[in-house]
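Peer 1: What follows is a single structure, and I will ask about it in a moment.
The values are calculated or read from the model by the stated rules, or taken from the named source; none is laboratory data. Because the structure is predicted, anything quoted here is derived from the model rather than measured. Neighbour counts are summed over all protein chains in view; Cβ atoms, including those assigned to glycine, are modelled from backbone coordinates with ideal geometry. Only protein heavy atoms, including side chains, enter the accessible area calculation; ligands, DNA and RNA are left aside. Shrake-Rupley method; radii C 1.70, N 1.55, O 1.52, S 1.80 Å.
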Amino acid sequence: QEFVGEFAAMPEAPSLKDVGSAKLDWGNLRFDMTEVHGHFKATFKDGAWDAGEVVYSQFINMHVMSNVFHYGQSVFEGMKAFHCKDGRVRVFADFKNYERISSSLERVCLPTMSKELWQRGIDEAVKANLDFVPPYGSGASLYIRPFVMGSSGHLGVHPSEEATFIVAVSPVGAYFKTGSLPTIDGAIIEDFDRAAPRGTGHVKFAGNYAAGLKPQQSHKDKGFPIGLHLDPKENKYLEEFNTSNFAAITKDGRFYVTPDSSTILPSVTNWCLTHLVKEHGYTVQRRPIPIDELEEFAEVGAVGTAVVVTPIASLTRPSDGKKMGIWPAKRVPEASRRDFGNPKGRGA
């Protein structure tokens, strides 16, 4: 559907003709925050979610004893909206993000929401900021960040009675700004685990990312923009990058391989790729991948909403400086560019 609606705080609701009218330097956007008009906000109170509304502000007012500040009760999602060749704006595969956030909410004792509220929140946040949607052909997109947090004030350790659902947006470019097809060097993270067995690694819990900041800063200081975690139990199987899932192509060109583990966040991008590669003749393998198998791959990539598909040039073990794998940069196949250049998403 096209974007229609009324917004009390604006004199006139934006329309599709306003896409890109913010007139930013679309081709040089980085993956960073840009101030936009506002966000969508809904509140869970007395056992139910309200209808929610667009708030024309970049700030929120909360109790200082809210659960999110002290006990970390918060989950989030990430997806993108694209201005497409036919002039419409589409949100890519948000039904998968809805499935994932529902699992995350249940895991950290936050209230789930209806699919209708989820989609309305996304649609209204995009509608209110249509002028910040990068125009077709710019290579940029509108990043959408829905999140839910425990927002009632109390001191004891227990689930929050109230919750706040917010959908914020920002126009973004490439996560790793190193060229049209970024190829980056990575490091094996040996001295930190991303998540514990039977912990929260399989959900998009905010605390997972806070725990990863120290190892991330450590490998960046050594010249590696990305790090690859190993399994927390034996430290010999590949898990995921600190930004995204791991995927590889075998040297015989037959298999698309990605790790299978209960502590890995299921990536929506990886899910999409497992369907696309089958159309191009690959067999998908989800299985434990020993670290020694890195040298057996022809290509390795980090795959996720933010990084999209970022080819990895090498992976180094910091303890002894050994490169566990080196992969030459390759051109993205025409079929893949076609598939990702024309996202078949939902009209928000």
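Peer 1: Whether any residue in segment 137-146 is in contact with a helix residue (DSSP H, G or I) (Cβ under 8 Å, 6 or more places away or on another chain), touching a residue at least 24 places away in the same chain (Cβ under 8 Å) and within 16 Å of residue 164 (Cα to Cα) is what I want to check.
Peer 2: Yes, segment 137-146 contains at least one residue that is in contact with a helix residue (DSSP H, G or I) (Cβ under 8 Å, 6 or more places away or on another chain), touching a residue at least 24 places away in the same chain (Cβ under 8 Å) and within 16 Å of residue 164 (Cα to Cα).
Peer 1: Step by step: first the residues of segment 197-231, then only those that are among the polar types (S, T, N, Q) and assigned to a helix (DSSP H, G or I), then the one that is least open to solvent (accessible area, probe 1.4 Å). Which residue is that?
Peer 2: Selected residue: 208.
Peer 1: Which residues, counting only those in segment 59-83, are farther than 11 Å from residue 150 by Cα and either open to solvent by less than 10 Å² (accessible area, probe 1.4 Å) or of a type in the set (Asp, Glu) (or both)?
Peer 2: At the first step, the residues of segment 59-83 found to be farther than 11 Å from residue 150 by Cα are 59-61, 64, 76-83.
77, 78, 79, 81, listed by residue number.
Peer 1: Oh, and also: Residue 183: polar (S, T, N, Q) and over 30 Å from residue 51 (Cβ atoms), yes or no?
Peer 2: Criteria met by residue 183.
Peer 1: How many residues are closer than 22 Å to residue 219 by Cα, polar (S, T, N, Q) and touching a Ser or Thr at 6+ places or on another chain (Cβ under 8 Å) when one looks only at segment 242-264?
Peer 2: Residues in segment 242-264 being closer than 22 Å to residue 219 by Cα, polar (S, T, N, Q) and touching a Ser or Thr at 6+ places or on another chain (Cβ under 8 Å): 2 in total.
Peer 1: Check residue 265 against each of (1) touching a Lys or Arg at 6+ places or on another chain (Cβ under 7 Å); (2) assigned to a strand (DSSP E or B); (3) crowded, with 19+ Cβ neighbours inside 10 Å and name the one condition it does not meet.
Peer 2: (2) is the only condition that residue 265 fails.
Peer 1: While we're here: One residue is enough: does segment 284-306 have a residue meeting the conditions charged (D, E, K, R), in contact with a Phe, Trp or Tyr (Cβ under 7 Å, 6 or more places away or on another chain) and either on the phi > 0 side of the Ramachandran plot or open to solvent by 60 Å² or more (accessible area, probe 1.4 Å) (or both)?
Peer 2: Yes; the residues of segment 284-306 include at least one that is charged (D, E, K, R), in contact with a Phe, Trp or Tyr (Cβ under 7 Å, 6 or more places away or on another chain) and either on the phi > 0 side of the Ramachandran plot or open to solvent by 60 Å² or more (accessible area, probe 1.4 Å) (or both).
Peer 1: Taking into account only those residues within segment 182-196 that are crowded, with 20+ Cβ neighbours inside 10 Å and of a type in the set (A, V, I, L, M), which is nearest to residue 72 (Cα to Cα)?
Peer 2: 195
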